[in-house]
Amino acid sequence: MGKQYDLIIIGAGPGGYVAAKKAAKLGMSVVIIDKGEVGGTCINRGCIPTKALIHTATLYRDMVECGKFGLFAEKVGFDLRKIYEYKDLSIAKMRCELEREFSELGITSVKGTATVQSDRRVRVALPDGGTEYFSGKYTLIATGAKARMVDIPGMDLPGVMTSEELLTAERSRYRSLLILGGGVIGIELATVFNALGGEVTIVEVSDRLLPNMDREFSDTLEEILANRGIGIHKESILEEVSKKGNGLSCRYVCHGKNQEAQVDAVLVSVGRTANTEGLFDADVPIRMENGRIVVDDFFETNISGVYAVGDVIGGIQLAHVASAQATYVVERMNDVPPSVIVEMVPSCLFVPISIVPSCLYTDPEIASVGLTEEEARKKGVPIRCGRYVMDVNGQSIISKEERGVIKILFAADSDVILGAQLMCPRATDMIGELATAIANGLTSAQLMYAMRAHPTYNEAISCAVENSR
């Protein structure tokens, strides 16, 4: 029969560990299983190590460029080994805190490879070769996704890697790096290695970087990155990677013309695929589609009592989305009114509006929530757009920021906020205010009720709202 729990969770990333803590606080007995360290990709091989490296690289560039503030620093340099030690310590601290919470809440954590059987029991292959079995009233799958590779010659060569491999390496100093993919992960890592003195080239198949972002923002970011010396090749296809000397030769086609780049390494950043390998026995009739687990509106699979959340079900692949879905599922299991929503339909529209913040930790930061102007036009939604350029913002002037803009969209008739896009320092923190405004259906008038302190980047929100009226 196996050990009995109210909830078995497979995957200890932001979907799994949030579900475990929520369930334990609601009185459920919980076991959480992961073949790796607790924290999943986000803490160990994704969000946290990436942001640690971005923080370090930004500080380094600020020191190098401190002359614009009347400061002078001689022999500015960096020790890559110590940078990676700092990254690893940041990961370890978060993991340690998570393990402490598990212990305090009575959550059982098991390291091993979990497989769901036809009788709904979960079989776990342990690292020592042993096997354990678990049974539960509910099973929640939160195994996330893994980096996707592309099927072109040379992908198996040393020096060709995904972001997970790059972020778990002991140290990775490359004089030159080609990044395949101009999405969030690729651009964030491009800024890191560029700031640390590397020659970085981005090859992107689309006609712009960050295809899902407001075009003005992606165009502005491209200009900033190009000015920093990052090579950007859009509408380009990487066709082959081959060994050449101590490095790699990359052959790609850009606007119909053959190009070649000699680099030390290639980072493949072309998206992620659901992590379901070995997750179910062959006779388990789980419904899947394009490699992802199919769930209903309540995140339940076609097998009663088995739920799935996060990247493994596709959709918006962000850590905070997995956490929100996990919270929702556990609350439903316990007949608790839901405390989170990921989209809404404003009373003035029939179009669902996402209230999931999307953040890019470049310099300047970029954050977005709700509709963009392009999406509003495609959906036929009449809007008013308030826009404010950060050039005259006090904090932007003080910190000598390169470029910045804030855009806030309102329904043309009802004045309800429908979306916001920010490009400025602290944008990833400021977006929370606007996500809350969308969730509560606030109008431009209501957004102006509260004063915003001066001088702050945040006061620019008031300027953008005022510009819309």
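Annotations for the structure displayed:
- If only residues of segment 353-387 that are open to solvent by 50 Å² or more (accessible area, probe 1.4 Å) and small (Gly, Ala, Ser) are counted, the one that is nearest to Ile54 (Cα to Cα) is Ser358.
- Extreme residue, surrounded by the fewest Cβ atoms within 10 Å (Cβ to Cβ), among residues of segment 247-293 that are assigned to a strand (DSSP E or B) and among the basic types (Lys, Arg): Lys257
- Checking Glu97, Glu85, Glu165 one by one, the residue that is at pLDDT 95 or above and either basic (Lys, Arg) or open to solvent by 30 Å² or more (accessible area, probe 1.4 Å) (or both) is Glu97 and no other.
- Filter result for the condition that a residue is over 21 Å from Gln317 (Cα atoms) and in a loop (DSSP other than H, G, I, E, B), over Gly36, Gly27: Gly27
- Filter result (surrounded by 17 or more Cβ atoms within 10 Å (Cβ to Cβ) and small (Gly, Ala, Ser)) within segment 232-246: Ser236
- Checked across segment 104-127, the condition of being among the polar types (S, T, N, Q) and free of Cβ contacts under 8 Å to residues at least 12 places away in the same chain holds for no residue.
- Restricting the first member to segment 208-229 and to residues that are more than 19 Å from Tyr361 (Cβ to Cβ), and the second to residues that are modelled with pLDDT of 90 or more and of a type in the set (S, T, N, Q), the beta-carbon pairs closer than 6 Å and six or more apart or on different chains are Arg208/Ser218.
- Checking each residue in segment 349-377 for being in a strand (DSSP E or B) and either free of Cβ contacts under 8 Å to residues at least 24 places away in the same chain or small (Gly, Ala, Ser) (or both) picks out Ser354, Ser358, Ala367, Ser368, Gly370.
- Condition broken by Gly2, with the remaining ones in (1) open to solvent by less than 20 Å² (accessible area, probe 1.4 Å); (2) of a type outside the set (Val, Ile, Thr); (3) in contact with a strand residue (DSSP E or B) (Cβ under 6 Å, 6 or more places away or on another chain) satisfied: (1)
- Restricting attention to segment 65-80, the residues that are exposed (fewer than 11 other Cβ atoms within 10 Å of the Cβ), under 20 Å from Arg175 (Cα atoms) and either in contact (Cβ under 8 Å) with a residue 60 or more places away in the chain or among the small types (Gly, Ala, Ser) (or both) add up to 1.
Rundown of residues vs (1) farther than 30 Å from Gly2 by Cα; (2) open to solvent by 30 Å² or more (accessible area, probe 1.4 Å); (3) part of a loop (DSSP other than H, G, I, E, B), yes/no style:
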site	(1), (2), (3)
Gly129	no, yes, yes
Ser135	no, no, no
Asp151	yes, yes, yes
Leu157	yes, yes, yes
Gly186	yes, no, no
Leu189	yes, no, no
Ile202	yes, no, no
Asn212	yes, yes, yes
Ser218	yes, no, no
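The values are calculated or read from the model by the stated rules, or taken from the named source; none is laboratory data. None of these values were measured; they are calculated from a predicted model. All Cβ positions, even for glycine, are placed from backbone atoms using ideal geometry, and neighbour counts span all protein chains on display. When the accessible area is computed, the model is the full protein with side chains, heavy atoms only, and any ligands, DNA or RNA have been set aside. Shrake-Rupley method; radii C 1.70, N 1.55, O 1.52, S 1.80 Å.
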